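The values are calculated or read from the model by the stated rules, or taken from the named source; none is laboratory data. This is a predicted model, so every value here is computed, not measured. Note that each Cβ is placed from the backbone with ideal geometry, even for glycine, and that neighbours are counted across all protein chains shown. With ligands, DNA and RNA removed, areas are computed over all heavy atoms of the protein, side chains included. Shrake-Rupley method; radii C 1.70, N 1.55, O 1.52, S 1.80 Å.
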Amino acid sequence: MNPGGETMQPYLEHFKVFSAGAGAASGWLPALRQQAMESFTRQGFPAARSENWKYTPTRPLEKRRFMPIEAEATQSAPDVPDTVRLREVSTHTLTFVNGRPMLAPDTTTRPVGGLHFTRLDAALGQASARVEELLAPETAWNHDPFSALNTAFLRDGIVITLDDGVVLEAPIQLLFVSTPDAQPRVCHPRILIRLGRGARATLLQTWFGQAGAANFTNSYTQVTLQDCAQLEHLHLHREAADEFHVNRVEVSQQAGSRYVSHTLNLGGLWLRTDLHTRLEAEQAETVLNGLYHVDDRRHVDNHTRIDHLAPATRSDELYRGIVSGHAHAVFNGKVWVAEGAAGTDAAQANHNLLLSRQAEIDTKPELEIYADDVKCSHGATVGQLDDNALFYLRARGLDDAEARSLLTGAFALAVLNRIGSPPLRTFACRQLGSLLPQSILQEET
């Protein structure tokens, strides 16, 4: 990729206008944005020869021209179906339209002491050291063009902090709505989340596209968990049929903390998620669950990395995929055990169902171990629905479509049943059940 080529030019033009409009910024922020843009320009879009991108070419994204989102905040509530809202319980809900937060939280609960929401543009306007400390260091984006691009356009997003010892009963829902426009748009939301010592919360992050939306979302979520903090985090992707999304999630964990992630890929045309967790102190634990349902000509890529950097840390990862039509799914999961991280316990598995001859899956589980006295395992499978099971169900009165839907739902349920929060589990089953209407998931809702 030639950094000065045609595909880079729109972003360079956007940045000139963005920088001029952000002229009031002071302190460290302008320099950070400029350094990040220079990094993006130097790197360019990932080349086909890049090991991390060889199954997900960026050419479909590069050849489209997207316009930036204006700086004005959205004030009117978007049209969002009730199905993508967590309606089982009261929530602390914040709505974003094309990456921009609405002016006020759309919450169904009373304010909670110790829970703080701050719009990112307001926090950056103060150029405070506190926000600077929460941002990813240069090493996190200097080798990733999309993270660098997000940092260059740092403005839209939210800062969420939970004070030490606060246990949040009601879930937080961040609802990102993408709307159709005559000219497709690009946005770069940044979400900063920090849980203090012993704090506990549940977070639902929903990406929803209205019919006709054809936008590009380049998001970056950063999670910091202090000692003994716990976060259960559900990522739901229900983007519109022509949308693009590059989704970065970085998690930093301290001693005794627990991070549980559930990723549901159920929409969009082209989706790439990179989920990276760092277990930085003893007794930290991470659980990564993922389910992708990919049909038509959609492309979904899940890259995960778990870094065991301290002794006696634990990780458990299970991703499952359902791929049909001419769709293409990618899974790459890496567990890295540092020197000195004795007592690491890590398990990783990826299982896939191919429901058509044209469907394609590339799966690559990896272990990289530099310590002794560890317990690590990984594996992957690719197959079709069991003919004997189909025959058994057909013999008991189900037609072929019903039998296939029932078995596919049971395959998916192995992941959904790992969701600890009952409201989140019901919500997730309802999402997939809408795509598999005759499945066992309907009973789960």
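Suppose we filter segment 320-349 for residues that are surrounded by fewer than 17 Cβ atoms within 10 Å (Cβ to Cβ) and either farther than 18 Å from Asp362 by Cβ or touching a helix residue (DSSP H, G or I) at 6+ places or on another chain (Cβ under 8 Å) (or both); how many remain?
Selection size over segment 320-349: 5.
Is one or more of the residues making up segment 239-248 in contact (Cβ under 8 Å) with a residue 40 or more places away in the chain, in a strand (DSSP E or B) and in contact with a Lys or Arg (Cβ under 6 Å, 6 or more places away or on another chain)?
Looking for residues that are in contact (Cβ under 8 Å) with a residue 40 or more places away in the chain, in a strand (DSSP E or B) and in contact with a Lys or Arg (Cβ under 6 Å, 6 or more places away or on another chain), one finds at least one in segment 239-248, hence yes.
Looking at Leu354, Leu406, Leu436, Leu424, can you tell me which residue is within 20 Å of the chain's Cα centre (by Cα) and surrounded by 18 or more Cβ atoms within 10 Å (Cβ to Cβ)?
Going through Leu354, Leu406, Leu436, Leu424 in turn, just one is within 20 Å of the chain's Cα centre (by Cα) and surrounded by 18 or more Cβ atoms within 10 Å (Cβ to Cβ): Leu424.
Take segment 304-319 and flag every residue that is surrounded by fewer than 20 Cβ atoms within 10 Å (Cβ to Cβ) and in contact with a His (Cβ under 9 Å, 6 or more places away or on another chain).
Once the filter is applied, which keeps residues that are surrounded by fewer than 20 Cβ atoms within 10 Å (Cβ to Cβ) and in contact with a His (Cβ under 9 Å, 6 or more places away or on another chain), segment 304-319 yields Arg305, Arg314, Leu318.
Take Arg194 and tell me if it is open to solvent by less than 50 Å² (accessible area, probe 1.4 Å), within 20 Å of the chain's Cα centre (by Cα) and of a type in the set (Lys, Arg). Break it down stepwise before answering.
Details: open to solvent by less than 50 Å² (accessible area, probe 1.4 Å): no; within 20 Å of the chain's Cα centre (by Cα): yes; of a type in the set (Lys, Arg): yes.
Criteria not met by Arg194.
What do you reckon, is Leu406 part of a loop (DSSP other than H, G, I, E, B), at pLDDT below 95 and hydrophobic (A, V, I, L, M, F, W, C)?
Spelling it out, it is not the case that Leu406 is part of a loop (DSSP other than H, G, I, E, B), at pLDDT below 95 and hydrophobic (A, V, I, L, M, F, W, C).
Kindly establish whether Thr263 is over 19 Å from Glu317 (Cα atoms), open to solvent by less than 10 Å² (accessible area, probe 1.4 Å) and modelled with pLDDT of 95 or more.
no
Return the residue satisfying two criteria in turn: it lies in segment 122-166 and is assigned to a helix (DSSP H, G or I) and among the hydroxyl-bearing types (Ser, Thr, Tyr), and of such residues it is modelled with the lowest pLDDT.
Ranking the qualifying residues of segment 122-166, first place goes to Thr139.
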